[in-house]
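Q: My structure is below; once you've seen it, I'll send some questions.
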């Protein structure tokens, strides 16, 4: 009879950004149950905003996540603009949409590369990361930064589309149209990669709806849910965005890790199409509602109300709520619901009947805002004996399963 173990993952590791604890119940190597508990760590960013005006909070919101920094600042600013009834010029809306899609490109490429690395497909990992560098170069041309771009501000953007940027964007789109398909084919047509991801970490259509999953996670389960389509913001209403779901390309949606991979890579093609439409339809005009920051702050000090904004970040629905009170120049309160909080509650369902070797792949499949799993502790529930399992050992388990499949011809 297989031994029964409880394996805790998190919450306090050197690289963890979000307070997630996952307890895996094991019988031998098979996961028979899991419990996910968030809330153990809080950085206090929302509380810090109470001592800052909305302009200062811009820089806090960008630092909620390094990968999705522009998504968070855009959601925050849209909430402020909603509370204070501040209009955004059409050209600024187009530029915000451009940067959001550039960010989606680099986020999805990073995720795809890490997924390949996790299963030991190192050649695809290096290819994916090399492809990602092209969009990172464009973001650097735009703002001088590879992350935390400092582009957005209240009522618009700080940086315009220059001839240099327009040229870089056109070259990037041309490059991806030529080079991305080989990466897609290498991964999706490899029988071992398919075997490692297909029917692993399944979340069904009904479960995805019941547990309110968001982003590529819910779309991989076949649910057509994308805020760019259902509730267009910025300039997305001009682009005819349609949610990417597996059944549009294959026989059906399995809701597994492989489908999460497929959704993200097809969204790369979609982002390229949106970027081309942005550049072709970029309207003339101002990029700011008001250039004088003192006037902006004076207006915000008189504003009163609650604003809410939800945008489709690379990981899913990113919601910010901001309250302003007249006479107070600081943000009264600010609430953020990042996509990981919505998707992490589905982890227990995804873990069911998978092997411990699949755990890193399942955890990574929702693209959580967690930097790494530094160590794990395996406890024998019958004897109380404990064994520290390092991140390297867990990764080796994951790769060992890949090697077994290769030796058995993918079975």
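The values are calculated or read from the model by the stated rules, or taken from the named source; none is laboratory data. Just so we're clear, the structure is a prediction, and the values are computed from it rather than from any experiment. Please note: Cβ atoms are built from the backbone with ideal geometry, for glycine as well, and neighbour counts cover all protein chains shown.
Q: Might you check whether a residue that is surrounded by fewer than 16 Cβ atoms within 10 Å (Cβ to Cβ) and assigned to a strand (DSSP E or B) occurs anywhere in the stretch 341-348?
A: No, the conditions are met nowhere in the stretch 341-348.
Q: Further question on the same structure: Return yes when residue 124 is touching a helix residue (DSSP H, G or I) at 6+ places or on another chain (Cβ under 7 Å) and more than 27 Å from residue 63 (Cβ to Cβ) and no when it is not.
A: Yes, satisfied.
Here is a yes/no grid of residues against (1) assigned by TED's automatic domain parsing to the domain that holds residue 37; (2) surrounded by 21 or more Cβ atoms within 10 Å (Cβ to Cβ); (3) modelled with pLDDT of 95 or more:
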position: 306; (1), (2), (3): no, no, yes
position: 312; (1), (2), (3): no, yes, yes
position: 320; (1), (2), (3): no, yes, yes
position: 323; (1), (2), (3): no, no, yes
position: 328; (1), (2), (3): no, no, no
position: 331; (1), (2), (3): no, yes, no
position: 335; (1), (2), (3): no, no, no
position: 339; (1), (2), (3): no, yes, no
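Q: Moving to a separate point now. Hey, can you tell me all the residues within the stretch 278-337 that are within 30 Å of residue 170 (Cβ to Cβ) and touching a strand residue (DSSP E or B) at 6+ places or on another chain (Cβ under 6 Å)?
A: Scanning the stretch 278-337 gives 287, 288, 289, 311, 318.
Q: Taking helices (runs of 4 or more DSSP H) that fall entirely within the stretch 174-252, which contain at least 2 residues that are within 25 Å of residue 132 (Cβ to Cβ) and touching a helix residue (DSSP H, G or I) at 6+ places or on another chain (Cβ under 8 Å)?
A: 191-197, 215-220
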